[in-house]
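The structure appears below as structure tokens.
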Amino acid sequence: MNATVKPVVGVVMGSSSDWDVMQHAVAVLKDFGIAHEAQVISAHRMPDQMFAYAESARERGLRAIIAGAGGAAHLPGMIAAKTIVPVLGVPVPSKYLRGEDSLLSIVQMPKGIPVATYAIGEAGAANAALSAIAMLATTDDALAARLEAFRKTQTQVALDMKLPT
Ligand code: RP5
């Protein structure tokens with residue numbers, strides 16, 4: 001992203017091994033021309049940096065944070081605990097429990113600190129980005145029009161689907 005444009009969406013993940021999934025969020029943000037940043041922030045391996053990221057998010061202009069993690073996926077919840085910027089959590093598939101652990105640990109936030117939780121894996125990452133875009137579009141008519149056009153294209157693709165005869 002152009003370094004002079006301040007990011008409005010932050011994408012963070014617990015490990016570079018999460019990139020295979022989280023790149024799908026970044027790809028959607030890029031498609032829509034959303035100023036964003038992406039980086040590894042591990043809740044348990046770099047807690048001080050995680051706190052600093054969350055604490056500075058709002059004053060740096062972030063309007064949504066997409067946080068992906070696998071296993072005991074506390075990253076989205078801990079970031080949400082330290083900022084009022086909306087956090088969109090993406091459960092990353094894990095080695096042993098296929099991401100069911102990630103899903104439950106992200107979605108089961110105690111009352112008071114919300115994390116909007118998405119599907120496990122690629123669909124969740126892409127949809128988290130689409131939700132961030134929908135949030136930004138509430139105050140940006142041009143972006144709203146692009147989101148409407150994206151939906152119309154998807155509809156047309158489905159209408160044009162043919163099954164083998
Ligand atoms: C979590 O542990 C990460 O989000 C990742 O999904 C998982 C495994 O991390 P690595 O061992 O691949 O670095 O913190």
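Per the conditions (1) farther than 21 Å from residue 29 by Cβ; (2) of a type in the set (Val, Ile, Thr); (3) in contact (Cβ under 8 Å) with a residue 24 or more places away in the chain, the sole criterion not satisfied by residue 66 is (1). For beta carbons closer than 8 Å, sequence separation of 6+ or different chains, a first residue in segment 131-147 that is within 23 Å of residue 67 (Cα to Cα) and a second that is at pLDDT 95 or above and among the aromatic types (Phe, Trp, Tyr), the qualifying pairs are 131/118; 133/32; 143/32; 147/32.
Screening segment 109-163 for residues that are in contact with a Ser or Thr (Cβ under 9 Å, 6 or more places away or on another chain) and in a loop (DSSP other than H, G, I, E, B) and picking the one that is nearest to residue 89 (Cα to Cα) gives 118. Selection of segment 103-126 for residues being out of contact with any helix residue (DSSP H, G or I) (no Cβ under 7 Å at 6 or more places or on another chain) and surrounded by fewer than 19 Cβ atoms within 10 Å (Cβ to Cβ) yields 104, 107, 108, 110, 111, 112, 123.
The values are calculated or read from the model by the stated rules, or taken from the named source; none is laboratory data. If you're wondering where the values come from, they're calculated on a predicted model, not measured in any experiment. Backbone-built Cβ (ideal geometry, glycine too); neighbour counts: all protein chains shown.
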